[in-house]
1. Can you tell me which residue is farthest from residue 61 (Cα to Cα) among those in segment 144-189 that are among the charged types (D, E, K, R) and at pLDDT 50 or above?
2. Select from segment 226-248 the residues that are out of contact with any Phe, Trp or Tyr (no Cβ under 9 Å at 6 or more places or on another chain) and of a type in the set (Asp, Glu) and write down the one among them that is surrounded by the fewest Cβ atoms within 10 Å (Cβ to Cβ).
3. Any chance you could count how many residues in segment 279-302 are modelled with pLDDT of 90 or more and of a type outside the set (D, E, K, R)?
4. So if I check each of 645, 654, which one is open to solvent by 30 Å² or more (accessible area, probe 1.4 Å) and under 42 Å from the mean Cα position of the chain (by Cα)?
5. Working only within segment 577-594, note down all residues that are in contact (Cβ under 8 Å) with a residue 12 or more places away in the chain and under 46 Å from the mean Cα position of the chain (by Cα).
6. Name every residue in segment 360-384 that is in contact with a helix residue (DSSP H, G or I) (Cβ under 6 Å, 6 or more places away or on another chain) and open to solvent by 10 Å² or more (accessible area, probe 1.4 Å), in order of residue number.
7. Residues being in contact with a Ser or Thr (Cβ under 8 Å, 6 or more places away or on another chain) and polar (S, T, N, Q): count how many of those fall in segment 62-89.
8. Which residues, counting only those in segment 608-623, are over 18 Å from residue 551 (Cα atoms) and open to solvent by 40 Å² or more (accessible area, probe 1.4 Å)?
Amino acid sequence: MNLVGSEINGYRFEEALGSGSFGSVYKVSKEGQLYAAKVLAETYILDEFKNDQNRITREIDVLKKVKGDNLIKFQEDFFFENEFGIKEYVIVMEYFSGKTLRKYLKDDVELDVLISIFVKVLNGVKQLHNTIIDTEGIIHRDLKPDNILIDDSLNVKIIDYGLSKIVDFSSITSTGTQIGSPLYMSPEQLKDSKHIDYRADIYALGVILYEMVTKNIPYKATTLPELLMKILNEPIIPPKQYNDKISDELEHIIIKATAKEQFARFQTIDEFIDAFNSKAIQDELKTLGKYYAWVYKEKDVTIQYEKDNEADIIYPLHVQGWQKGLHKYLLEKEFANVIIDPSTQRLSYVAFGNTKGLVELPYAPEVGVISLEYLQNPKMREQYISKWYNSVRMGKKLILPYHYISNTDYPVDKIEDWIKMNIQLIDESSKVVEQDKEKYAMISIGLSHLIFQADRILSFFVHANVDGFIVQVSDMKQLNEQSLGSYIDFMIKLQKYTNKPVVALKVPIPLGLVLVAKGIHGFSLGLASIDYFDEQYIKEEKDAFNIYSKFYFPQVLSFLSYPKKDTFAFEQIYNYFGGCSCKWCTGKDAITIGTGDKGVQLHHWQMMSEEVEKINQIGNYDDKISYILSRIENALSNLDSIPKDIMSSQKNTDYYKLLKNLKKVLC
């Protein structure tokens with residue numbers, strides 16, 4: 001039925017603008033003002049209004065609340081009876097005299113003009129996302145060039161942000177599971193369009209921006225199934241392949257917006273806009289590797305080492321009461337290059353009360369433990385953060401309060417609660433820290449949870465307001481080839497997507513060196529204590545001290561242990577490898593070196609720094625991997641060759657398996 005020439009409810013129907021399965025669109029006028037009127041098809045009306053909770057009523061409620069300069073505005077809606085006595089439904093919207101972005105892009109347009117238009121589109125989507133309905137903002141779900149209008153004055157309007165689900169029901173399946181145009185649908189929207197968030201719109205905007213600056217689409221496909229598979233699995237074609245005039249920064253913006261993983265994209269429209277305002281998109285972080293010494297009780301060792309070296313230190317604060325000399329020394333040097341670990345994770349376990357130093361921390365609980373329930377109390381959490389900061393504010397680099405995510409004192413379903421609480425602690429504690437201090441987030445988690453929930457964990461942590469990350473993983477002795485590869489991949493993604501330095505805490509030496517070779521900022525080990533972190537360690541009633549001494553042998557990329565009082569055992573293995581020529585060992589015999597801890601610890605510190613420096617001096621990534629691979633192969637060979645009368649075969653040890661698995665991962 002053609003309504004041109006009719007006057008209904010004060011609106012004169014001037015011109016038919018288009019029609020579809022949903023009904024027709026008209027240009028209408030009322031009191032000298034033009035509008036666009038959508039008249040919905042009779043069959044659709046009858047079908048939808050059978051239900052109280054129909055899409056029309058629901059989406060009209062959305063349209064009524066949306067306001068923004070870059071959004072088409074809702075005017076009113078009403079029913080009328082046509083000449084056959086049948087009710088028809090009309091939705092009246094603002095009329096905007098412009099053409100779609102798709103048509104606009106057929107002309108040659110300067111790049112800076114396109115960018116200014118796109119930023120207006122971003123502002124429109126921001127206005128949409130900021131419109132709260134039932135505690136949540138509105139997701140467009142069907143952003144594409146056809147739903148963006150531009151007039152001659154370069155004004156921009158986004159259309160169909162609510163109506164996309166009620167006026168074009170031909171695009172909706174019987175279950176309502178696929179809304180949107182496939183090319184602009186994010187991978188997660190293709191998999192399950194009912195459970196998406198703002199980041200699906202951000203992906204669509206990335207594809208739109210790609211089209212605007214290249215006049216091409218980001219995937220080559222000849223069929224719809226091929227296109228869908230590429231959206232799910234393949235990277236986009238680099239924009240510069242189509243337009244070499246675009247900047248590296250702009251290409252990085254597009255690549256970030258269209259990332260497969262939700263956590264790797266801009267998390268909000270504000271972040272997207274800031275990328276244009278401040279050139280916030282950077283090249284992937286390039287950093288020289290560092291070794292961080294976990295200084296626990298080594299005052300004299302630290303003082304002696306720092307006479308000739310610039311050291312990087314991680315210092316657990318709970319030792320301050322019984323290692324007063326070390327604390328005083330670090331305080332006098334104003335904690336330069338020292339990251340303070342507040343030891344808060346151990347406060348969640350009952351055994352902390354029997355651990356020297358922990359109970360004396362001002363932020364330790366007077367009764368019980370720092371439980372989820374404790375932290376979920378806003379007043380208790382505020383006091384906790386305040387006491388923490390008063391205790392650490394003398395430092396220049398601070399690890400924010402954190403707790404072990406895979407806490408076995410809680411049921412498994414509480415893991416996500418611990419993650420969310422750690423994020424809340426990061427957010428709230430970072431706000432009280434002065435701007436001249438560096439803030440680090442600690443991710444402390446079990447290996448299996450890290451592997452199986454890697455993307456989810458990344459989605460929580462990648463946008464934390466911090467200057468760097470320290471990752472501490474329990475159950476490292478359970479590393480196999482698959483979990484090792486997943487762990488390394490997690491570390492790379494965390495640094496890549498945050499563009500912040502990442503430090504691996506208490507990992508086996510060869511794994512730490514592999515991470516440095518792969519571009520991770522650094523790794524940390526104790527100078528005398530445990531090689532691996534394990535949850536059991538923080539559940540023990542007192543700090544553990546090893547009855548064995550450890551000496552680092554570069555020939556096997558690891559410590560080899562020997563009983564502290566058995567210097568003869570050390571002498572045999574030391575002489576077998578030809579001794580050591582580092583500054584702390586030169587001129588000393590094996591018995592002298594093996595008798596005291598200080599020389600062994602200084603040797604270890606020096607060797608770790610030198611190992612990292614060797615990797616830093618190799619410029620090419622492939623050469624770094626080749627170098628570390630050859631070192632691992634040599635270490636395996638050297639372990640095999642140690643005579644049994646000197647040291648029993650290492651073939652069946654966890655360490656030997658680790659080397660074999662690292663070799664497989666690198667190959």
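1. Step one: filter segment 144-189 for residues among the charged types (D, E, K, R), giving 144, 146, 151-152, 157, 160, 165, 168, 188.
Okay, now just the ones that are also at pLDDT 50 or above, so 144, 146, 151-152, 157, 160, 188.
Details: 144: 23, 146: 24, 151: 28, 152: 31, 157: 20, 160: 14, 188: 27 Å.
My answer is 152.
2. Only one residue tops the list, namely 244.
3. Of the residues in segment 279-302, the ones modelled with pLDDT of 90 or more are 289-295, 298-302.
Now restrict to residues that are of a type outside the set (D, E, K, R): 289, 291-295, 301-302.
Matching residues across segment 279-302 total 8.
4. Numbers: 645 fails: under 42 Å from the mean Cα position of the chain (by Cα).
Selected residue: 654, the only one of 645, 654 that is open to solvent by 30 Å² or more (accessible area, probe 1.4 Å) and under 42 Å from the mean Cα position of the chain (by Cα).
5. Once the filter is applied, which keeps residues that are in contact (Cβ under 8 Å) with a residue 12 or more places away in the chain and under 46 Å from the mean Cα position of the chain (by Cα), segment 577-594 yields 577, 580, 582, 583, 584, 585, 593, 594.
6. 362, 364, 369, 374, 380, 381, listed by residue number.
7. Residues that pass the stated criteria total 0.
8. As a first pass, look at segment 608-623 and keep what is over 18 Å from residue 551 (Cα atoms): 613-623.
Selection gives 613, 614, 617, 619, 620, 621, 622, 623.
The values are calculated or read from the model by the stated rules, or taken from the named source; none is laboratory data. Only a predicted model underlies this, so the values are computations on that prediction, with no experimental measurement involved. Note that each Cβ is placed from the backbone with ideal geometry, even for glycine, and that neighbours are counted across all protein chains shown. These accessible areas exclude ligands, DNA and RNA; they are computed on the full protein's heavy atoms, side chains included. Shrake-Rupley method; radii C 1.70, N 1.55, O 1.52, S 1.80 Å.
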